Each structure stands twice: as C-alpha cells, then as structure tokens.
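Take a look at the structure below.
Readers should treat all values here as calculations from the given coordinates under stated rules, not as data from a laboratory. Keep in mind that what you see is a predicted model, and the values were worked out from it rather than measured. Here the Cβ positions follow ideal geometry from the backbone for every residue, glycine too, while neighbour counts run over all protein chains shown.
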Amino acid sequence: MTAATSKRRTRPVLHAATVIALLAGSAYFTIELRKEEQAKAPAIQSVVDTPAAAAKTADESGQKWERLKNPERSVLRDGKGGILATFTDGARTATLTGPSRTFTEPATTKTRVVTENWVRLMPEVWRNGAEREQWFKDWFKKYFGSEEDDIFAMAFQYGDQAPVKKDAEGIAYAGDANFGPINPKGSVGNDYRLEESDFYDYLGIPYTFRSGTIMKPEPMRARSMDCSGFIRTVFGYRARFPLMATDSSGDGLARTANGMARGKPGVNVIPLKGVGTEHRPTSIDVLQPGDLLFFKLDARTGERLDHTGIYLGTDTDGHKIFISSREEANGPTIGDKGGTSRLDGNGYYATTLRSAKRV
C-alpha cells in the first residue's frame, strides 16, 4: 500500500461541538454487561513475567503500582492484586479495566469478544514515574471507569451495517466502511478491490497534515479505507494520534502497514526479525489489547509487510482475535472472510503474523 501523491487542500480543525459529537458516538456492535458471559471468557491480561527491581508503591486507596519487564511497563493493581491499568514505557496507548462489553459480528462469524479492557490514548508518552505527574492524574481521573468511546468502540463503528454518524459540521465520521473501489483490472480473489484508501477518502474531505502536506480525497474512494487507512482512522483521526502524510516524513503513524511497523512511534512488543515464514513469532503471549499487528500476506510485495490490524484480546472460545479492514470482507471485520481473525493456531493470519507494536 502506498500513499496518494496528489496535493490536498486543508481540512478545518475540529471545533468543540465536533469533538463532543465524536465522543457521543457509541459502538455499533452489541455492548452487554453480562456477568455470566464474562465468566466464560478467559483472562485477557494474563502475561506472566518477573517484576522489575523497582518495589511496589501503594497509594492511600490501597492501589499499588508495580514495575514489570518485557516490555518495561507500570501496572496499577487494586488491593486484591487485580489489574486496573497497564502503561508501557514509550507508548501512549493505555489499557484500563472497566465495565464488561461484548463485541460481535453476527453476519460473518460466531466469534464473541467479552472484555473489560478499555484502550485509550494518553496525552503524553508513558515513562517510569509518570503516575506522579499532574497531566496523568488529570487524565486518569477523567477516563478510568469512563464509558466514552475508546479505541475498540471506535473500531467497531466501521463494520458491516454500522450506522452512519455525523458530526456538528455534517461530516459522516463513522458508518459501514468499504475496503476500496473495485479494481477494473482485478478479479475475485485476486486484487478485486483497490488499496490506498485513507481516512480522508472515507470522510470525503481535504486534510492538512502537520508537515503542511495537503491531501484531497478521491471521489471513487468515498466511504473506503484499506487496512492501514482503518488504523489511521481509529488511532489518528478519531483518537488524535499524530499522522504522517506518507511513510517518509514526520514522527507520527505512517501511511502503510510497512511504514507503521518500521516507524519510530511506539514500542515493538514483538520485534520484526524478517518477513519469511521462518520469522513467525514463537510466542504471542506478550500481546495486550490495543496492540497493532503486522502481517506478511503477499509474496509480490518483497520485504514489505502488507497488512495491519488491532489486537482485541481473547474471545469466549479462548482464541486470540483481531480486527482489520480486508479486501475479501470489503471493510473492517473480525469475521472469517479471507481467513479467520485468529492469531493462535495455524490459520492464515496466525502463520503470517510477523510483528506487533504498542503505540
């Protein structure tokens, strides 16, 4: 996937009313607060490792902070030792424990993801000791226990039959997304749909990047986003993570899956060692909900990684599940078209996973 190269006009900055409209949107997919279903779901944050040298510190509420390795991170536990939140050094995404939710896609799969994990973007990169800083105290007070849309809720607002949501300016910022327009030179099962549809194509509005590069949407790509465009829509346009116009300039999320995987932002929780079949990770237990996943699907792309998705955690059958935008499903999915969305076992995506990053 490569970035469009045409110059694009500026996109107005979202004003307060727009932000309120974005936060007010709720996930399309079923959200349930069912204890009986939660009881069926395996523990999602179950990484086991050795505590770092730093000692645990407790606050007045009985909560305790603990430092863990591989990757270096801070974990907040309740008085009984349960995980309340996880913050990884060098990353802005945080995983908070909150009300249980169930995500499904009944049109394409029986998979059910029941989770208490809420993935949110912090205003600053986490570092050891940040829990004592005022910016974090203010952010945590606002979002711990909040049911405002998080990364997961936003991601599921682009799936099959998701209803259209418009902001105060009348821009449809959510709703059923396509992968891309039909490729006149392709065929079913072989490049049937064109790649290169980004978030501004989906929105149908020009966008000015921090670098000053202006991008304009292509009408034929309206309401479309390829796999990296989906990530940029959720993490960038919606959650406000900095974005690059291409793969070659800036310090935000790059335009393509390959650019994201090899770029500077975030922490490589599963380092990229190569794209060959021998470089499939031997273990994926380090993954945490919200991590970006990178795959090698197409031999024609050489050393480039060519697919990306968001790790959701474990479903009610014990499988590690992710969501991504795919040509076969014509948009974001956790379903089975083009291969089941599982990272465990020896399925298509499980065997083509090559790296993962926490941004």
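Rg over Rh for the range 198-306 works out to 0.99, using Cα positions for both radii and the Kirkwood form for Rh. Mean sequence separation of contacting Cα pairs (under 8 Å, at least six apart), scaled by the length of the range 64-153, corresponds to a relative contact order of 22 percent. For q = 0.11, 0.17 Å⁻¹, what log10 I(q)/I(0) does the range 64-153 give under the Debye formula with an equal point scatterer on each alpha carbon and no solvent? Log-scaled intensity ratios, in q order: -0.35, -0.75. Taking the fewest neighbouring Cβ atoms within 10 Å as the starting point, the ordered list for LEU312, LEU76 is LEU76, LEU312.
Spin-label pair PHE144-THR282: with each label point 7 Å from Cα along the Cα-Cβ axis, the two points sit 3.8 nm from one another. Of the residues TRP135, ASN117, THR104, the one whose Cα sits farthest toward the positive end of the charge dipole of the range 64-153, with +1 on the Cβ of Lys and Arg and -1 on the Cβ of Asp and Glu, is ASN117. About its Cα centre, the dipole of the range 64-153 is roughly 320 debye, where the only charges are +1 on Lys and Arg Cβ and -1 on Asp and Glu Cβ. Length gained on full extension, MET220 to LYS110, computed as 0.36 nm times the residue gap minus the Cα-Cα distance: 36.3 nm.
Considering only alpha-carbon pairs that sit under 8 angstrom and 6 or more positions apart, the relative contact order computed for the range 203-247 is 39 percent. Once both labels are positioned 7 Å from their Cα atoms along Cα-to-Cβ, the gap between VAL164 and LYS80 label points is 4.7 nm.
Under Stokes-Einstein, with the Kirkwood radius over Cα pairs as Rh, the value for the range 247-359 at 10 °C and 1.306 mPa s is 112 µm²/s.
Simple spin-label estimate for ILE171 and GLU124 gives 2.9 nm between the two label positions (7 Å along the Cα-to-Cβ direction from each Cα).
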